[in-house]
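This report concerns only the one structure given below.
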Amino acid sequence: MRMRTGRSRRRVSRFRGLSFGPIVKIGGLVLGVAALVVLIIFVLVPLFGGSAEPVETETLAPTPEPTVAPLARADMSDIDKELIVPNQSVNDPFIFGQETVFSTGQANETAPEINTIAINNLDTQETAAVDGINKKYATLFEPKMNDKYIVYLDCKDEYGGAVCGYDRTTGESFVMREYLYGKPKVSLSGEYALWLQQTSKGTDRLYLYHLPTRETVEIEIFVNTMFAYSAPHMSDDAIVYVQPYGESQLLDGSSASMEAEIVVMPLTQNGDTNKILFRPGVSVIDPMISGDNIVFIDTYADSNKLYLCFRQGDTYSAPIVIAENIINYSVGDDFVVYTKDEAIYIYYFSDKSSGRLTPDSSRVLLASACGKNVAWYDIADLAGANIVFYAQVP
């Protein structure tokens with residue numbers, strides 16, 4: 001019994017006297033080694049270029065930029081249409097919106113007395129003479145139109161005539177100013193008409209006419225200068241013309257300078273105090289303005305260049321050549337059109353694209369441009385009736 005009791009006590013005392021220190025130390029060592037292995041495999045090996053396999057990640061392709069087609073196409077002749085009118089003689093066609101204004105005479109004659117201003121509706125193809133416009137002199141020329149007014153020239157047989165206006169609301173025509181020399185080139189925009197007129201030998205005056213009040217403002221006087229041959233132009237926002245460099249510093253007429261200075265005057269109250277003057281460094285004839293863009297030619301000769309200057313802050317850029325050896329040109333909304341090699345071409349200001357508006361086999365001459373409308377003559381048969389085509393461009 002003692003031995004059993006003793007064995008029992010001795011078995012209990014073995015557990016009581018057991019030390020856990022070495023076991024804890026060994027376990028800690030094992031865990032430390034395991035942690036070190038994990039650190040080497042998953043951290044140090046990838047970090048220093050070990051052979052561990054890299055984790056694959058999905059690469060997102062960049063979003064492509066949307067491509068914008070140019071406004072012009074190389075061949076845009078598919079958009080042209082023939083102007084359908086009963087008149088054999090169609091002179092100076094000018095399209096505003098869906099209406100075409102032109103001067104004409106007896107409908108069945110190819111060379112009638114030009115004594116009528118007519119309007120053709122492009123949608124209905126109906127043509128009617130404008131009641132209230134009657135010639136005073138020999139011939140009616142160069143009508144231009146907007147929704148409220150028509151301006152035109154009533155020309156004498158040789159020299160002189162009258163710059164005339166017509167109120168489409170009241171049906172009343174009126175003379176804006178008589179002229180003795182040459183034939184003024186009139187611009188129409190909103191309630192205003194603009195033209196340069198020779199008033200005496202060596203003196204030309206630039207007039208701005210307010211159609212509702214029939215009041216005239218004299219903007220500039222040109223004295224003995226070649227720049228008086230250049231026509232001014234007016235857009236919805238501004239007037240543009242060319243003068244001798246230094247003109248604004250003189251009090252008694254034009255300077256003798258041969259260098260061209262382009263004047264851009266806002267079409268607002270006190271616009272003459274906010275005008276921009278800039279020197280393009282080349283010859284300037286017949287500048288035209290469309291938005292922030294000005295185009296002009298450097299000579300009337302066949303070897304001319306058509307230039308573009310665009311707005312840069314408070315001035316305009318150096319001139320860029322758009323085309324050479326052109327016959328004539330005009331501007332619309334964001335474009336210039338011109339005749340070259342008996343075809344009509346268009347150049348867009350916003351994206352600098354260009355194309356041909358007329359079929360390759362045709363022979364044509366530009367008549368006018370306004371808004372998004374362009375009109376031209378088919379000149380394949382000059383002895384026959386006037387055939388007019390037009391396009392409403394993008």
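The values are calculated or read from the model by the stated rules, or taken from the named source; none is laboratory data. Since this is a predicted model, take the numbers as computed values, not measurements. A quick note on method: Cβ atoms are made from the backbone with ideal geometry, for glycine too, and the neighbour counts reach across all protein chains shown.
Considering only residues that are assigned to a strand (DSSP E or B) and charged (D, E, K, R), which ones fall in the stretch 211-225?
Going residue by residue through the stretch 211-225, those that are assigned to a strand (DSSP E or B) are 215-223.
Scanning the stretch 211-225 gives E215, E218, E220.
Being within 14 Å of P93 (Cβ to Cβ) and either touching a helix residue (DSSP H, G or I) at 6+ places or on another chain (Cβ under 8 Å) or among the acidic types (D, E) (or both) is the filter here; which residues of the stretch 342-391 pass it?
D378, A391
Sort through A343, A380, A369 and tell me the only one that's modelled with pLDDT under 95, within 22 Å of E82 (Cα to Cα) and among the hydrophobic types (A, V, I, L, M, F, W, C). Can you show your working first?
Working: A343 fails: modelled with pLDDT under 95; A369 fails: modelled with pLDDT under 95.
Answer to the selection: A380.
Check the stretch 197-204 and report whether any residue there is out of contact with any His (no Cβ under 9 Å at 6 or more places or on another chain), surrounded by fewer than 18 Cβ atoms within 10 Å (Cβ to Cβ) and within 23 Å of V101 (Cα to Cα).
No, the stretch 197-204 has no match at all.
Let me spell it out: the conditions are (1) surrounded by fewer than 16 Cβ atoms within 10 Å (Cβ to Cβ); (2) β-branched (V, I, T); (3) part of a loop (DSSP other than H, G, I, E, B), and I326 meets all of them except one. Which number is the exception?
Every listed condition holds for I326 apart from (1).
Every residue, every condition in (1) more than 32 Å from the chain's Cα centre (by Cα); (2) small (G, A, S), yes or no:
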{"site": "K144", "(1), (2)": "no, no"}
{"site": "Y149", "(1), (2)": "no, no"}
{"site": "L153", "(1), (2)": "no, no"}
{"site": "G161", "(1), (2)": "yes, yes"}
{"site": "Y166", "(1), (2)": "no, no"}
{"site": "T199", "(1), (2)": "yes, no"}
{"site": "T203", "(1), (2)": "yes, no"}
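Conditions (1) in a strand (DSSP E or B); (2) of a type in the set (S, T, Y); (3) surrounded by 15 or more Cβ atoms within 10 Å (Cβ to Cβ), marked per residue:
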site	(1), (2), (3)
D92	yes, no, yes
F102	yes, no, yes
I114	no, no, yes
I117	yes, no, yes
Q125	no, no, no
K135	no, no, yes
K144	yes, no, yes
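When the stretch 262-276 is examined, which residues are found to be part of a loop (DSSP other than H, G, I, E, B) and free of Cβ contacts under 8 Å to residues at least 12 places away in the same chain? Can you show your working first?
Start the filter on the stretch 262-276 by keeping residues that are part of a loop (DSSP other than H, G, I, E, B), which leaves 267-270, 275.
Passing the criteria: T268, Q269, N270.
Checking L308 against (1) without any contact (Cβ under 8 Å) to a residue 60 or more places away in the chain; (2) surrounded by fewer than 15 Cβ atoms within 10 Å (Cβ to Cβ): exactly one of these is not met. Which one?
Checking L308 against (1) without any contact (Cβ under 8 Å) to a residue 60 or more places away in the chain; (2) surrounded by fewer than 15 Cβ atoms within 10 Å (Cβ to Cβ), the one that fails is (2).
Residue check, A301 against (1) part of a loop (DSSP other than H, G, I, E, B); (2) crowded, with 19+ Cβ neighbours inside 10 Å, all met but one. Which one?
(2)
Which of the residues spanning the stretch 231-247 are outside any loop (DSSP other than H, G, I, E, B) and not aliphatic (A, V, I, L, M)?
Quick first cut of the stretch 231-247, residues outside any loop (DSSP other than H, G, I, E, B) only: 233-234, 238-244, 247.
Of everything in the stretch 231-247, those that are outside any loop (DSSP other than H, G, I, E, B) and not aliphatic (A, V, I, L, M) turn out to be H233, Y241, Q243, P244, E247.
Looking at (1) touching a Lys or Arg at 6+ places or on another chain (Cβ under 7 Å); (2) exposed (fewer than 15 other Cβ atoms within 10 Å of the Cβ); (3) not polar (S, T, N, Q), which one does V217 not meet, given that it meets all the others?
Unmet condition: (1).
Being over 29 Å from P266 (Cα atoms) and touching a strand residue (DSSP E or B) at 6+ places or on another chain (Cβ under 9 Å) narrows it down to one of L153, L196, L140, so name that one.
Working: L153 fails: over 29 Å from P266 (Cα atoms); L196 fails: over 29 Å from P266 (Cα atoms).
Being over 29 Å from P266 (Cα atoms) and touching a strand residue (DSSP E or B) at 6+ places or on another chain (Cβ under 9 Å) holds for just one of L153, L196, L140, which is L140.
Give V364, V337 a once-over and let me know the one that is closer than 30 Å to V68 by Cα and either under 18 Å from the mean Cα position of the chain (by Cα) or free of Cβ contacts under 8 Å to residues at least 40 places away in the same chain (or both). It would help to see each step written out before you state the result.
Values: V364 fails: closer than 30 Å to V68 by Cα.
Exactly one of V364, V337 is closer than 30 Å to V68 by Cα and either under 18 Å from the mean Cα position of the chain (by Cα) or free of Cβ contacts under 8 Å to residues at least 40 places away in the same chain (or both), namely V337.
Do you know which of the residues in the stretch 277-291 that are more than 8 Å from I262 (Cβ to Cβ) and either touching a residue at least 40 places away in the same chain (Cβ under 8 Å) or out of contact with any strand residue (DSSP E or B) (no Cβ under 8 Å at 6 or more places or on another chain) (or both) is surrounded by the most Cβ atoms within 10 Å (Cβ to Cβ)? Give the steps one after another, and end with the answer.
Within the stretch 277-291, the first condition is being more than 8 Å from I262 (Cβ to Cβ), and the residues that meet it are 281-283, 285-286, 288-291.
Filter again for either touching a residue at least 40 places away in the same chain (Cβ under 8 Å) or out of contact with any strand residue (DSSP E or B) (no Cβ under 8 Å at 6 or more places or on another chain) (or both), leaving 281, 285-286, 288-291.
Details: G281: 10, I285: 17, D286: 19, M288: 21, I289: 25, S290: 22, G291: 16.
Out of the qualifying residues, it is I289.
For R311, which of the numbered conditions (1) assigned to a loop (DSSP other than H, G, I, E, B); (2) of a type outside the set (A, V, I, L, M); (3) touching a Gly at 6+ places or on another chain (Cβ under 9 Å) fails to hold?
(1)
Regarding A318, is this residue at pLDDT 95 or above, small (G, A, S) and surrounded by 15 or more Cβ atoms within 10 Å (Cβ to Cβ)?
Here the answer is no, as A318 does not meet what is asked.
I need the full set of residues from the stretch 220-251 which are closer than 21 Å to N274 by Cβ, touching a residue at least 40 places away in the same chain (Cβ under 8 Å) and either touching a Lys or Arg at 6+ places or on another chain (Cβ under 7 Å) or not acidic (D, E) (or both), in order please.
Answer for the stretch 220-251, where residues must be closer than 21 Å to N274 by Cβ, touching a residue at least 40 places away in the same chain (Cβ under 8 Å) and either touching a Lys or Arg at 6+ places or on another chain (Cβ under 7 Å) or not acidic (D, E) (or both): P232, H233, M234, S235, A238, I239, V240, Y241, V242.
Is there any pair linking a residue in the stretch 109-123 that is within 11 Å of N87 (Cβ to Cβ) to one that is exposed (fewer than 13 other Cβ atoms within 10 Å of the Cβ) and among the acidic types (D, E), with Cβ under 8 Å and at least six apart or on different chains, and which?
Short answer, once both residue conditions are applied: N120/E126.
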